[in-house]
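The values are calculated or read from the model by the stated rules, or taken from the named source; none is laboratory data. All of these numbers come straight from a predicted model, not from anything done at the bench. In this analysis, Cβ positions are derived from the backbone assuming ideal geometry, glycine residues included, and neighbour counts consider all displayed protein chains. Side chains are part of the model used for accessible areas, which takes the heavy atoms of the whole protein and leaves out ligands, DNA and RNA. Shrake-Rupley method; radii C 1.70, N 1.55, O 1.52, S 1.80 Å.
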Amino acid sequence: MKTDGSSTNKVNPPLWLLAELTYACPLQCPYCSNPVEMANYKKELSTEDWIRVMREARKMGAVQLGFSGGEPLTRPDLEELIAEARQLGFYTNLITSGIGMDEKRVKGFKEAGLDHIQVSFQASSADLNNFIAGTDAFEHKLEMARAVKKHGYPMVLCFVLHRQNEPYVREILDLAVSLDADYVELATTQYYGWAFHNKEYLIPTREQLANAEIVTKEFQEKLKGKMKIFYVIPDYFEDRPKKCMDGWGAIFLTITPDGLALPCHAARQLPGLELPSVQDHSIDWIWNDSPDFNKFRGLDWMKEPCRTCPEKEKDLGGCRCQAFMLTGDATNADPVCSKSPHHQELVDTVEGIGKIAGTPELEERPILFRNMKNSRKIIKGESESELVK
């Protein structure tokens, strides 16, 4: 078992491989965690590249493989990649909007050996779902959810929650019941990429969260043994940080569409990193020996207040990407933590956003929908006044 030179930083093999096959997507969700500058990343890994990555990761001990994006259904080689993953012995999960899928393709995925399909929804009603998605997608999603169930998959539904749909958690769970879902993930928006850019529109109010939690607990109790419902309070409303991704480069290995390897799915935004590419290095070297994967492993990198905190082994200082986005320094304590000198700034920001929710002041600001055109505007630093829909 290799180390980075510190006796406290033992490196275990990756268990979860997240294959971000593409940044292409037919939806335009303003909460997407893909990088806002995604238009810069044009070249995608080939089929052969992805197969090599899967083989190397499996050889190291990875057991779960998620196909995501963007929208992985836009890759014409998806069935081939699924079949290879099955042959290698991975447990495979397709994370999809369902757009680009039909019943024939669902059946094909089953034949190729796919274990699990997670279908995402934006809301419980067609109008709100289609507004957030930026396209007429709701009815097709319903059809695909039913097709997934029909072909023997557990029905796993994911609803990304934010201020625009948080008031409708009851309707969301009623929809899940009507579809006979087995698992429902009420996935709190993670404020990276496009979501961070649109946080004024997306961060819910405390009242919304309180009501959503009450409703969720009601359904969890009522459907105990029939449907599993997962709901987590957003980081920004906590006073203790989570052990982000179970630790930097600890369990999860993310590979981007152009081949960069990430120890955390949002690490691409951190300055000062020279993230390794699978086109230049083996997965073994990337995971065990690359400087960036060892940068925030263990405890030795910590500074105060994390260094002497008695809870540091529980949360590992929280999220490095969140610390950078909110304080400008990835080595700072996650501001979610009440012990962080930046915690009050986060509290004030969240409260300030809550006060302008639904006011003319907010309506004057543009919401940025995720697409390549808007990505190019951000890269060029052009005015966003044309981005409002």
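In region 45-60, what residues are farther than 20 Å from residue 249 by Cβ, out of contact with any Pro (no Cβ under 8 Å at 6 or more places or on another chain) and not charged (D, E, K, R)?
Result: 46, 47, 50, 51.
Residue pairs, Cβ under 6 Å, 6 or more apart or interchain, first in region 327-356 and over 19 Å from residue 210 (Cβ atoms), second of a type in the set (D, E, K, R) and part of a helix (DSSP H, G or I). List them.
Note: pairs meeting the criteria are 330/320.
Check residue 43 against each of (1) touching a strand residue (DSSP E or B) at 6+ places or on another chain (Cβ under 9 Å); (2) of a type outside the set (Gly, Ala, Ser); (3) surrounded by fewer than 18 Cβ atoms within 10 Å (Cβ to Cβ); (4) touching a residue at least 40 places away in the same chain (Cβ under 8 Å) and name the one condition it does not meet.
With (1) touching a strand residue (DSSP E or B) at 6+ places or on another chain (Cβ under 9 Å); (2) of a type outside the set (Gly, Ala, Ser); (3) surrounded by fewer than 18 Cβ atoms within 10 Å (Cβ to Cβ); (4) touching a residue at least 40 places away in the same chain (Cβ under 8 Å) applied to residue 43, the lone miss is (1).
Restricting the search to region 277-300, which residues are open to solvent by less than 70 Å² (accessible area, probe 1.4 Å), under 30 Å from residue 341 (Cβ atoms), in contact with a helix residue (DSSP H, G or I) (Cβ under 9 Å, 6 or more places away or on another chain) and part of a loop (DSSP other than H, G, I, E, B)?
Matches in region 277-300: 296, 299.
Select from region 363-383 the residues that are open to solvent by 50 Å² or more (accessible area, probe 1.4 Å) and among the small types (Gly, Ala, Ser) and write down the one among them that is modelled with the highest pLDDT.
Going through region 363-383, the residues open to solvent by 50 Å² or more (accessible area, probe 1.4 Å) turn out to be 363-365, 372-373, 376, 379-383.
Still in the running and among the small types (Gly, Ala, Ser): 381, 383.
On the way: 381: 77, 383: 42.
Per the criteria, the residue is 381.
Among the residues of region 202-214, how many are more than 23 Å from residue 342 (Cβ to Cβ) and buried (at least 19 other Cβ atoms within 10 Å of the Cβ)? Full working, then the answer.
Of region 202-214, the ones more than 23 Å from residue 342 (Cβ to Cβ) are 207-208, 210-214.
Next cut, buried (at least 19 other Cβ atoms within 10 Å of the Cβ) only: 208, 212.
Count: 2.
Please work out if residue 37 is closer than 26 Å to residue 267 by Cβ, surrounded by fewer than 16 Cβ atoms within 10 Å (Cβ to Cβ) and modelled with pLDDT under 95. Give the steps one after another, and end with the answer.
Working: closer than 26 Å to residue 267 by Cβ: yes; surrounded by fewer than 16 Cβ atoms within 10 Å (Cβ to Cβ): yes; modelled with pLDDT under 95: yes.
Considered against the rule, which asks whether it is closer than 26 Å to residue 267 by Cβ, surrounded by fewer than 16 Cβ atoms within 10 Å (Cβ to Cβ) and modelled with pLDDT under 95, residue 37 comes out as yes.
List the pairs whose first member sits in region 106-135 and is within 14 Å of residue 185 (Cβ to Cβ), whose second member is open to solvent by 10 Å² or more (accessible area, probe 1.4 Å) and assigned to a helix (DSSP H, G or I), and whose Cβ atoms are under 9 Å apart, counting only residues at least 6 apart or on separate chains?
Taking only residues 6 or more apart or on different chains, the pairs are 121/138; 121/142; 121/175; 122/128; 122/130; 122/131; 122/138.
With respect to residue 232, is the statement that it is surrounded by fewer than 15 Cβ atoms within 10 Å (Cβ to Cβ), in contact with a Lys or Arg (Cβ under 9 Å, 6 or more places away or on another chain) and either under 30 Å from residue 40 (Cβ atoms) or among the β-branched types (Val, Ile, Thr) (or both) true? Show your work before the answer.
Details: surrounded by fewer than 15 Cβ atoms within 10 Å (Cβ to Cβ): yes; in contact with a Lys or Arg (Cβ under 9 Å, 6 or more places away or on another chain): yes; either under 30 Å from residue 40 (Cβ atoms) or among the β-branched types (Val, Ile, Thr) (or both): yes.
Yes; evaluated as a whole, the condition is true for this residue.
How many of the residues in region 185-198 are surrounded by fewer than 20 Cβ atoms within 10 Å (Cβ to Cβ) and farther than 17 Å from residue 157 by Cβ?
So the answer is 1.
Quick check on region 342-362. Is at least one of its residues farther than 21 Å from residue 205 by Cα, open to solvent by less than 40 Å² (accessible area, probe 1.4 Å) and not β-branched (Val, Ile, Thr)?
From region 342-362, those farther than 21 Å from residue 205 by Cα are none; that's our starting set.
No, region 342-362 contains no residue that is farther than 21 Å from residue 205 by Cα, open to solvent by less than 40 Å² (accessible area, probe 1.4 Å) and not β-branched (Val, Ile, Thr).
Check whether at least one residue in region 240-248 is in a loop (DSSP other than H, G, I, E, B) and open to solvent by less than 10 Å² (accessible area, probe 1.4 Å), and report yes or no.
Keep residues of region 240-248 that are in a loop (DSSP other than H, G, I, E, B), which gives 240-243, 247-248.
With open to solvent by less than 10 Å² (accessible area, probe 1.4 Å) added as a condition, the list becomes 247.
Taking every residue of region 240-248 in turn, at least one turns out to be in a loop (DSSP other than H, G, I, E, B) and open to solvent by less than 10 Å² (accessible area, probe 1.4 Å).
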